[in-house]
Amino acid sequence: MKAALLYTGEQSLKVENIANPTVPKGWALVKVRAAGVCGTELHFLVDGLMPLAKSPFILGHEIAGEVVEVPEGTGFKKGDRVSIYNLVNCGHCSYCRAGLDSLCPNATGQFGFNLDGGFAEYVTVPPTSLVHLPDKVSFNDGAILACSGMTAVHAVKMADIGFRDTVVVNGVGGVGLAVGQVAKNTGARVLAIADTQEKADLAKKLFADEVVITKDYSNVAEDIKKLTDGNGVDAFFELVGTAASANAGLNSLAKRGRYVIIGYTKDHVDLDPILMVIYELRIMASVAGTKQDLEDVLKLCEQGKVKVFVQSELKLDDVNVALEKLKNRTSLGRNVIVF
Ligand SMILES: [Zn+2]
Ligand SMILES: [Zn+2]
C-alpha cells in the first residue's frame, strides 16, 4: 500500500509503497477514505513535543473509511462506513466504565500518535475503535470530527455552559471552529478571538456573535469586558496557549468563570491568587474526547448543527503541502487527504 512515512529527525513525510498491514487477531482492517491533517502533526515534525514511537511511523489520527474485514459479532460488517475513535483503551477499568474512556490508564495506544495512523491506504484497528458514520456525514467530515469535533464536545461538556452564559473561543483553527459551533448549540452567546480578518469572517459565518481581532492580546481583556457590560465571560476556551493569551483569558472571566485549556501548549501561566479567590475562578484542561463525544458530534453534524470547514482536499502524494500550510499558519479550517 501507499503510505506517508515519518522518519526520525525529518520535518516532512516520504510517500512510499510498503506492505499492507497484518491484521492483529480480533482487529478490523479499514480502507482509509479520508484523513485530516491536524496542527498536532507539528508536535512530531517541528517542535519535538511528541517523540516518535518508532521510525518510520505513519501519522494521521483523523480517519474515516470503509470496513474491509472485521470479526463477527462486533456490530460491524464489510463495507460499513466508519469513523475511527483513535484511542485504544481497556474497556473495563473504572474510568472506562464511568464513560471516561479517554482517561483509561491501561490505554495501549492512539492511532497517529504511537500506533500507525491514517496517512496510508489501510489501517488496522480494534472493533471497539469503530464508530458508524451516519449516511449524511461525509468521509471528510467523519475524519475531521474524530479529532476536532470530539475534542470540542468534550471541552464544552466539561465547561458546563448553557443559554445563560457568554463564552469566548480563543483561536479560530480547526478545533476552535468546532468548539464555537458546539458551544453555540448549548444556547450560549459565543464570542471569538482571531488573529486575521479572514478567520474572524469564518468564525462569524459559522458561530460567533462577536469577534475580537488581535495579534498581541494587549487589549483583549478590556475588549471582552466591553462586550459583556463589564461582567466578563463565563468560559474562556483556550486554543492558543501563549502566556499573553492566558493572561488575557484569565482577566476576561466573570465570577465563577472557567478557563478551559484545550490540547497541548507549552507556555507557563501566571496566576493571580487574589483574583482566583475573589472571583472563584476555575481552571480546567480538556484533551481529546470520549467515544461518546465522537458519537455526539457525528449526530450534531448529521443534523446540520456542526459544519466542517475543509480548506482543500489533497492526494496522499501532496501531504507535505498541507503540512507546510500548518507550519506557516496559512491553513484555514482543515486540509484533508482523500483516497
Ligand atoms: Zn487532530
Ligand atoms: Zn480502561
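Scanning segment 148-175 for residues that are crowded, with 22+ Cβ neighbours inside 10 Å, modelled with pLDDT of 95 or more and part of a helix (DSSP H, G or I) yields 149, 150, 151, 152, 153, 154, 155, 156, 159.
Here residue 312 clears all of (1) within 20 Å of the chain's Cα centre (by Cα); (2) within 25 Å of residue 190 (Cβ to Cβ); (3) in a strand (DSSP E or B) except the condition numbered (2). For segment 51-79, the set of residues classified as in a loop (DSSP other than H, G, I, E, B), under 24 Å from the mean Cα position of the chain (by Cα) and closer than 22 Å to residue 293 by Cα consists of 60, 61, listed by residue number.
Quick check on residue 142: is it in a loop (DSSP other than H, G, I, E, B), buried (at least 24 other Cβ atoms within 10 Å of the Cβ) and either more than 16 Å from ligand 2 (Cβ to nearest atom) or in contact (Cβ under 8 Å) with a residue 60 or more places away in the chain (or both)? Break it down stepwise before answering.
On the way: in a loop (DSSP other than H, G, I, E, B): no; buried (at least 24 other Cβ atoms within 10 Å of the Cβ): yes; either more than 16 Å from ligand 2 (Cβ to nearest atom) or in contact (Cβ under 8 Å) with a residue 60 or more places away in the chain (or both): yes.
Against the criterion (in a loop (DSSP other than H, G, I, E, B), buried (at least 24 other Cβ atoms within 10 Å of the Cβ) and either more than 16 Å from ligand 2 (Cβ to nearest atom) or in contact (Cβ under 8 Å) with a residue 60 or more places away in the chain (or both)), residue 142 does not qualify.
Within the set 283, 261, the sole residue that is closer than 27 Å to residue 129 by Cα and either surrounded by 14 or more Cβ atoms within 10 Å (Cβ to Cβ) or of a type in the set (Gly, Ala, Ser) (or both) turns out to be 261. Residues in segment 118-130 that are buried (at least 21 other Cβ atoms within 10 Å of the Cβ), more than 16 Å from ligand 2 (Cβ to nearest atom) and closer than 15 Å to residue 82 by Cβ: 118, 123, 125, 130. From the list 121, 62, 41, 72, the one residue that fits, being more than 13 Å from ligand 1 (Cβ to nearest atom) and under 27 Å from residue 317 (Cβ atoms), is 121. For residue 88, the test of being within 20 Å of the chain's Cα centre (by Cα), at pLDDT 95 or above and within 16 Å of ligand 2 (Cβ to nearest atom) is passed.
Hey, can you tell me all the residues within segment 291-306 that are under 15 Å from residue 157 (Cα atoms) and of a type in the set (D, E, K, R)?
Of all residues in segment 291-306, those under 15 Å from residue 157 (Cα atoms) come to 291-297, 300.
291, 293, 295, 296, listed by residue number.
Among the residues that make up segment 33-48, is at least one of them over 23 Å from the mean Cα position of the chain (by Cα) and either part of a strand (DSSP E or B) or among the hydroxyl-bearing types (Ser, Thr, Tyr) (or both)? Looking through segment 33-48, none of the residues is over 23 Å from the mean Cα position of the chain (by Cα) and either part of a strand (DSSP E or B) or among the hydroxyl-bearing types (Ser, Thr, Tyr) (or both).
Sub-7 Å Cβ pairs linking a first residue in segment 94-108 that is touching a residue at least 40 places away in the same chain (Cβ under 8 Å) and within 10 Å of ligand 2 (Cβ to nearest atom) to a second residue that is of a type in the set (Lys, Arg) and in a helix (DSSP H, G or I), at least 6 apart or interchain, are 101/291, ordered by first then second residue.
The values are calculated or read from the model by the stated rules, or taken from the named source; none is laboratory data. This structure is a prediction, so every number in the text was calculated from the model and none was measured. Cβ: placed from backbone, ideal geometry, glycine included. Neighbour counts: every protein chain shown.
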